[in-house]
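Chemist: My questions will all concern the structure given below.
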Amino acid sequence: MPISSYTGRFAPSPSGPLHFGSLIAAMGSYLQARAQGGRWLVRIEDLDPPREVPGAADLILRTLDSYGLHWDGEVVYQSRRHPRYQQLLDELGIRGMTYHCDCSRARIQEAGGIYPGHCRSRDLSGAGHAIRLRMDQPVYEFDDRLLGRISVPIALAEEDFILKRRDGLFAYNLAVVIDDADSGITEVVRGADLIEPTVRQIALYRLLGYPEPGWLHLPLALQSDGRKLSKQNHAPPLSQQHIGQTLWQALAFLGQCPPAELAGASADIQLTWALQHWSMRSIPHRSSETTHASHS
Ligand SMILES: [Zn+2]
């Protein structure tokens with residue numbers, strides 16, 4: 001039973017099976033929550049149907065289970081929460097914090113890739129437009145519990161970013177803030193590829209009047225060419241035959257120095273050891289190449 005108010009989460013998108021990079025995020029958030037006697041939730045980020053693979057969500061959940069990463073409560077699916085996102089988007093609109101935008105991607109690229117606020121005072125209305133946040137109180141930096149003070153480029157912090165896309169899909173930054181706030185997440189532990197959007201999410205927390213969680217960004221597992229291990233880069237799915245070895249490699253990647261003799265142990269024994277020895281301060285700050293070998 002949880003003995004603290006700590007609530008963490010793992011939030012994969014169902015665009016393919018879990019791979020070694022996603023295991024790092026799952027394990028890091030799991031251990032950080034459980035080591036503090038907290039709750040650990042799972043949310044399926046199925047916000048973008050064209051990028052989703054049928055069956056991937058169920059496969060992800062089965063894989064977490066077989067790796068001993070058991071979550072609390074019901075799994076949250078973003079695809080079932082659209083009315084909630086729309087409600088808060090409407091509230092921001094009533095407060096004058098949003099505006100419609102019909103700019104093309106090409107126009108924004110011409111302006112250097114950062115949206116220059118072209119539609120801010122055009123007072124567009126109607127359907128078929130993107131909806132942007134009027135960023136009047138930008139956030140330029142935040143404190144990461146592993147990495148310390150993080151600053152982002154000023155233009156990025158000040159951009160009127162998209163809350164709802166012109167194709168009607170809700171934007172990641174809006175959904176993730178509402179979901180984490182509604183689930184009572186007290187600390188967000190995730191991969192370092194999501195460092196920059198954090199300032200946008202903090203700005204939304206403040207606008208919506210939600211208490212801001214803590215932030216902890218884990219190093220990324222990189223391929224030998226330096227790119228992030230990801231579904232887009234065809235990272236191999238997690239092995240179902242070598243669960244113990246794979247967990248051991250993930251613990252080693254997270255700087256936990258598991259003893260060599262642990263490598264052959266079951267998932268439960270590995271995780272019990274990991275909880276007893278969990279040291280957040282030992283997690284490396286830099287992303288690095290993984291020595292994880294696929295056993296597929
Ligand atoms: Zn525009």
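Chemist: Given H placed on each backbone N at 1.01 Å, which residues far from Leu124 in sequence or on other chains put an amide H within less than 5 Å of it?
Modeler: Amide H neighbours of Leu124: His100.
Chemist: Also, quick follow-up: Rounded to the nearest 500 deg cm²/dmol, what is the calculated helix-only ellipticity per residue at 222 nm for the chain, with -39500 (n - 2.57) per DSSP H run of length n ≥ 4?
Modeler: Rounded to the nearest 500, it is -9500 deg cm²/dmol.
Chemist: If we sort 8-16, 279-287 on the protection proxy, mean other Cβ atoms within 10 Å, highest first, what's the order? Display every interim value, and only then the final one.
Modeler: Details: 8-16: 23.1, 279-287: 13.7.
The packing order, highest mean first, is 8-16, 279-287.
Chemist: Using only alpha carbon pairs under 8 Å that are at least six residues apart, calculate the relative contact order of region 108-224 and give it in whole percent.
Modeler: Relative contact order, region 108-224: 28 percent.
Chemist: Ok, one more. Compute the relative contact order of region 226-296 as a whole-number percentage, counting only Cα pairs closer than 8 Å that sit 6 or more residues apart in sequence.
Modeler: Dividing the mean separation by the residue count of region 226-296 yields 40 percent.
Chemist: Which Rg and Dmax, in Å, describe the Cα atoms of region 1-152?
Modeler: My reading of the Cα-based Rg and Dmax gives 19.6, 54 Å.
Chemist: Against the 2.2 N^0.38 Å scaling, with N counting residues, where does region 102-157 land? I'd like the Cα-based Rg ratio to two decimal places.
Modeler: With N residues counted in region 102-157, Rg over 2.2 N^0.38 Å equals 1.47.
Chemist: Next question, about the same structure. Can you work out D for region 82-175 in µm² s⁻¹ from Stokes-Einstein, where Rh is the Kirkwood radius over C-alpha pairs, the temperature is 37 °C and the viscosity is 0.692 mPa s?
Modeler: Reported coefficient: 228 µm²/s.
Chemist: If you don't mind, another one. Using amide H atoms built in the peptide plane, which far-off residues or other-chain residues are under 5 Å from Gly191 H to H?
Modeler: So Gly191 has HN proximity to Leu218.
Chemist: Among Gln223, Gln241, Gln86, determine the one that fluctuates most according to a GNM of the chain built with springs between C-alpha atoms less than 10 Å apart.
Modeler: Gln241
Chemist: Let me ask something else. At a threshold of 8 angstrom on Cα-Cα distance, excluding pairs fewer than six apart, so keeping six or more, what relative contact order does the chain reach in percent?
Modeler: Dividing the mean separation by the residue count of the chain yields 22 percent.
Chemist: One quarter of the convex hull surface, Cα atoms only: what value does that give for the chain in nm²?
Modeler: 15.8
Laboratory data are not the source of any read-out in this text; all were calculated from the coordinates shown. As the structure is a computational prediction, the values presented were derived from the model and not from experiment. All Cβ positions, even for glycine, are placed from backbone atoms using ideal geometry, and neighbour counts span all protein chains on display.
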